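This report concerns only the one structure given below.
The values are calculated or read from the model by the stated rules, or taken from the named source; none is laboratory data. Because the structure is a prediction, the values reported are computed rather than measured. Cβ placement follows ideal geometry from the backbone for every residue including glycine, while neighbour counts extend to all protein chains displayed. Please note that ligands, DNA and RNA were not included when accessible areas were found on the heavy atoms of the full protein model with its side chains. Shrake-Rupley method; radii C 1.70, N 1.55, O 1.52, S 1.80 Å.
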Amino acid sequence: MKQAGNCSQAEAQMNRDAGTDQIRSTGFSAFPVSPEFDARPLSIMNDDSPEMDAIQEADVVHIPVEGMTCAACALRIERKLGKTVGVSEAGVNYAAAEAVIRVDSDQSSVRELVDVIRKTGYDVATSLAEVRFEGEESHERAAGLIEDLLSTNGVTDADARARSDGQDVTIRYIPAMISGRSLSRLIDVHRPETLQTGPSQAEEARLRERKMRTRLIVSVAFSLPLAVIAMSHGAFGIPYEHWLQLALATPVVLYAGTPFFSAAWTALRHGGTDMNSLVALGVGSAFLYSTVALFIPERLSEGGMPPVYFEAAALIVTFILVGRFMEERAKGRTGEAIERLKALQPDEVRILRMGEAVIIPAEEVVLGDRVRILPGERIPVDGRVVEGSSPVDEAMVTGESVPVTKSRGDGVVAGTTNTSGVLEVEVTRTGPDTMLSQITHLVSRAQATKAPVQQLADRIASIFVPIVMVIAVGTALVWWFIGPDPALDNALLRFVSVLIIACPCALGLATPTAIVVGTGRAAKRGILIRDAAALQKLASIQTVAVDKTGTLTHGSLSIPRIEPSDNSDEETLLSLVASLEQVSEHPIGRAIVSEAERRELMLRDPSDVEVVPGKGLTGVVRKKTIHAGNAGYLEDRGVEVVAVPDDVVGSVIHVAEDSSYLGWMEAVDTLREEVPAVIASLAEMNRDVVLLTGDREAAARHIATAAGISTWHAHLLPVQKVEHLERLKAADARVAMVGDGINDAPALATADLGIAVHSGSDVAREASDVTLMKHDLGLIPEAIRLSSDTMTVIKQNLFFAFIYNVICIPIAAGALYPAFGLLLSPVIASAAMALSSVSVVSNSLRLKGR
């Protein structure tokens, strides 16, 4: 095989976009980082100091948006945010009611982004806090607080109001960015007399639901008798029947229907149209026409009282409110996975201070604190066990159903459950740096992204409402000029029917609801998917390339054989190599260090260590330059290596001091038990599997044969793995790469889809599209099946949304009338429109049960 000269271009691909998900963080990895492999804290802002308002470079901001009622709303906000200075990318998820904004410079603040959303006609979900200052210095203290608040990320508004005896300060903030407890600590610095907090976002959401339910009850209560009276056609002999219909319809249209009219007016003021525009125009036309007909009938009909359509206006409002109510409830269920993840974080922590257990808020825990976790309690932080032993249930984080026993030195993560014993844990990560927090943010970010398949739906949704309005006006004109009598009535009914039956909501919900459910279900099983595009790619993967060591094998190698040269001995050879390998995270390096520790050999700290991924490493130990790696690595350094016996099937590490050969050792690994079944499962799914390894040919052949893999390539450098993947891609094969080490990162970034196993390196996870939270390769076919199921649901949703509008709009316009004499009532049109959105969301929810 031709050997490439360098891999700088491939390695550059490793630094794939990995924007952070928390505005207060200054750079934690977008992928979970296990405390078992690196206990060093990442750089985060201290809760004791206010967060700076300037957004850090390459931050991803999540802002909850209120007031969206269809996909057109989301697209309008998206376009406005995308034009904001400092914003490199903006996406708005209608199903998740959230804007996800990537900011590349320090020119933008959250408050500026919130202003853009508000100026577009929508609002941001915030919580309220009110502060009161009294006394002579109240003005200065209030001014100082406002100054601090306006330089704090997550605070959207801070206003002072003078009173006779002091100042009141009203604060609006986004709880996802700054917690109420952190805000309270900031406020307490200014010594206020009182601090009151308003309802939480959850309480406000419940309040909005109660308001919607009240409007729905009013609408149903007045619409039902109105429908009975209207459809009786005077059979009840009710005096002033039409006036009674007006009285019944007015509260429905003007109270229950207020959200439609206010939202339509907001969209119009900002130069746009949306779903509410269609509803408001349709309902308003029917109600206004009927009112005019009632007050001045002679203007509309020469022969007595013209028909009125109060029941149509009221029932349209009722059916659409029913649909909206059901849709909101169903949309709420799509996000249950994220809510369950958030609920795993305990609010309080039992820490040890001066030997005494003290319960404090979880936000106040700092690195190095000792936390005591009692049986049955959730672990609140990432850390290492310093005392005790107990099985820990990690199912909610990794999907692993069997509790894992943790004892002294083992890592634990927040959100897992201590089942029986008492554990004392030293905190290594807190707040946004915990694995649970990063999983939550990653899943949240994935749910807010858009799959490529959604692009067509977005383009149609952006022009859908204006096109429907044109069709409705055209339909009305045709019926008015060439339609049967009564021409005006028929024109009005067809106009209203077209406006009401058109449904851009179904188009807007088709993809995001399925993505939210699919990624949430994946997270529950321990599969973290970077974004919607990765979820879509999974379904189309044709070839799965896998690394060997640590991926197909356990990675817990043993060193059964050490062969020193004549100028060395076994223990000296092992001690030198183990000292050098202390800086390595490769499974072979860990195995060598473990063997040296088992033999209780003294290890020295190495210096000037240079690691060449896939080949070996060089460093200074005991003032000697030591080389350790494969045969080619030592030969490149002028060392003549010996041939190893044919019966060696493990990985061979050759060792030299300068140019003097010291010997070799064998690292033997075992195949993971689930691998043969996984390979067979992938074969049943018509996916090819290729083994790419830097190991010797004998070792590669041995593992490939045991696993059932027919195609394998050995002696590969990282750049040569990249070349193999590029050749596969050039042959029109869509390729996934599965790996776990630093040397796999270029290949993970080069493949169409990178899959990193959780036990691997941080760099590998950073370069991947999918992370398996437990080292179970059986999750790979499961992830492919989940992706295929999700894409099937998305295609069903899009087909239904498209076909619904393509068929129903012509029917509402009267296309069946010339041949069959059939016309569609506006009331039936409103029921069909309401059900279309609910059916799309319900279809997506089917993924939860698969």
* Scan ILE784, ILE794 and give me the residue that is of a type in the set (Val, Ile, Thr), open to solvent by less than 10 Å² (accessible area, probe 1.4 Å), touching a Lys or Arg at 6+ places or on another chain (Cβ under 9 Å) and part of a helix (DSSP H, G or I). => ILE784
* Hey, can you tell me all the residues within the range 601-626 that are within 16 Å of LEU573 (Cβ to Cβ) and either modelled with pLDDT under 85 or not in a strand (DSSP E or B) (or both)? => LEU601, MET602, LEU603, ARG604, PRO606, ARG622
* Asked: Which of the residues that make up the range 676-712 are in a loop (DSSP other than H, G, I, E, B), at pLDDT below 90 and touching a strand residue (DSSP E or B) at 6+ places or on another chain (Cβ under 7 Å)?
  -> ASP695, ARG696
* **Candidate set from the range 639-667 (those that are open to solvent by 10 Å² or more (accessible area, probe 1.4 Å) and among the polar types (S, T, N, Q)); member that is nearest to ARG727 (Cα to Cα)** => SER659
* Could you grab me the full set of residues in the range 168-185 that are open to solvent by less than 50 Å² (accessible area, probe 1.4 Å) and closer than 27 Å to ALA97 by Cβ? => THR170, ILE171, TYR173, ILE174, PRO175, MET177, ILE178, SER179, GLY180, SER182, LEU183, SER184
* Asked: Taking interchain pairs and intrachain pairs at least six residues apart, which have beta carbon atoms under 7 angstrom, with the first residue in the range 619-646 and more than 18 Å from GLU666 (Cβ to Cβ) and the second small (Gly, Ala, Ser) and open to solvent by 30 Å² or more (accessible area, probe 1.4 Å)?
  -> GLY619/SER607; VAL620/SER607; GLY638/SER659; VAL639/SER659
* Would it be correct to say that ARG111 is in contact with a strand residue (DSSP E or B) (Cβ under 9 Å, 6 or more places away or on another chain) and farther than 24 Å from SER444 by Cβ? -> no
* The one condition in (1) modelled with pLDDT of 75 or more; (2) open to solvent by less than 50 Å² (accessible area, probe 1.4 Å); (3) farther than 30 Å from GLU328 by Cβ that SER88 fails to fulfil -> (2)
* Within the range 668-712, tally of residues that are touching a residue at least 60 places away in the same chain (Cβ under 8 Å), crowded, with 19+ Cβ neighbours inside 10 Å and not β-branched (Val, Ile, Thr) -> 11
* Before we move on, is ARG206 surrounded by 13 or more Cβ atoms within 10 Å (Cβ to Cβ) and among the charged types (D, E, K, R)? -> no
* Structure fact -> GLN245 passes all but one of the listed conditions (1) of a type outside the set (Lys, Arg); (2) surrounded by fewer than 19 Cβ atoms within 10 Å (Cβ to Cβ); (3) over 30 Å from TYR94 (Cα atoms); the exception is number (2)
* **Among the candidates ASP188, ASP159, ASP165, residue that is touching a Ser or Thr at 6+ places or on another chain (Cβ under 6 Å) and open to solvent by 50 Å² or more (accessible area, probe 1.4 Å)** => ASP159
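Take the range 571-586 and flag every residue that is open to solvent by 10 Å² or more (accessible area, probe 1.4 Å) and either farther than 18 Å from LEU662 by Cα or in contact with a helix residue (DSSP H, G or I) (Cβ under 8 Å, 6 or more places away or on another chain) (or both).
GLU581, GLN582, VAL583, SER584, GLU585, HIS586
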* To do: Kindly provide the set of residues from the range 533-554 that are within 19 Å of GLY708 (Cα to Cα) and of a type outside the set (Lys, Arg), ordered by number.
  => GLN542, THR543, VAL544, ALA545, VAL546, ASP547, THR549, GLY550, THR551, LEU552, THR553, HIS554
* Asked: Regarding THR428, is this residue of a type in the set (Ser, Thr, Tyr) and open to solvent by less than 20 Å² (accessible area, probe 1.4 Å)?
  -> yes
* To do: Restricting attention to the range 64-85, report how many residues are assigned to a loop (DSSP other than H, G, I, E, B), open to solvent by 40 Å² or more (accessible area, probe 1.4 Å) and either touching a residue at least 12 places away in the same chain (Cβ under 8 Å) or closer than 26 Å to ALA158 by Cβ (or both).
  => 2
* Asked: Can you find a residue in the range 591-607 that is open to solvent by 40 Å² or more (accessible area, probe 1.4 Å), in contact with a strand residue (DSSP E or B) (Cβ under 8 Å, 6 or more places away or on another chain) and over 20 Å from ASP669 (Cβ atoms)?
  -> yes
* Asked: Take the residues of the range 713-725 that are of a type in the set (A, V, I, L, M, F, W, C) and either open to solvent by 40 Å² or more (accessible area, probe 1.4 Å) or part of a helix (DSSP H, G or I) (or both): which is modelled with the highest pLDDT?
  -> LEU725
* Residue pairs meeting the criteria (Cβ under 9 Å; at least 6 apart or on separate chains; first closer than 19 Å to VAL220 by Cβ and touching a residue at least 60 places away in the same chain (Cβ under 8 Å), in the range 818-832; second in a loop (DSSP other than H, G, I, E, B) and among the aromatic types (Phe, Trp, Tyr)) -> PRO826/TYR309
* Asked: If you take the residues in the range 326-362 that are in contact with a helix residue (DSSP H, G or I) (Cβ under 8 Å, 6 or more places away or on another chain) and at pLDDT 85 or above, which one is surrounded by the fewest Cβ atoms within 10 Å (Cβ to Cβ)?
  -> GLU348
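Search the range 269-283 for residues being open to solvent by 10 Å² or more (accessible area, probe 1.4 Å) and either at pLDDT below 85 or in contact with a Gly (Cβ under 9 Å, 6 or more places away or on another chain) (or both), and hand back the single one that is nearest to SER223 (Cα to Cα).
The initial filter retains those residues of the range 269-283 that are open to solvent by 10 Å² or more (accessible area, probe 1.4 Å), namely 269-273, 277, 280-281.
Those still in the list that are either at pLDDT below 85 or in contact with a Gly (Cβ under 9 Å, 6 or more places away or on another chain) (or both) too: 269-273, 280.
Values: ARG269: 31, HIS270: 32, GLY271: 33, GLY272: 31, THR273: 27, ALA280: 17 Å.
It comes out as ALA280.
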* Asked: If you scan the range 251-267, which residues turn out to be open to solvent by less than 30 Å² (accessible area, probe 1.4 Å) and over 19 Å from ILE77 (Cα atoms)?
  -> VAL252, VAL253, ALA256, GLY257
* Among the residues of the range 413-421, is there at least one that is open to solvent by 40 Å² or more (accessible area, probe 1.4 Å), in contact with a Pro (Cβ under 8 Å, 6 or more places away or on another chain) and part of a strand (DSSP E or B)? -> no
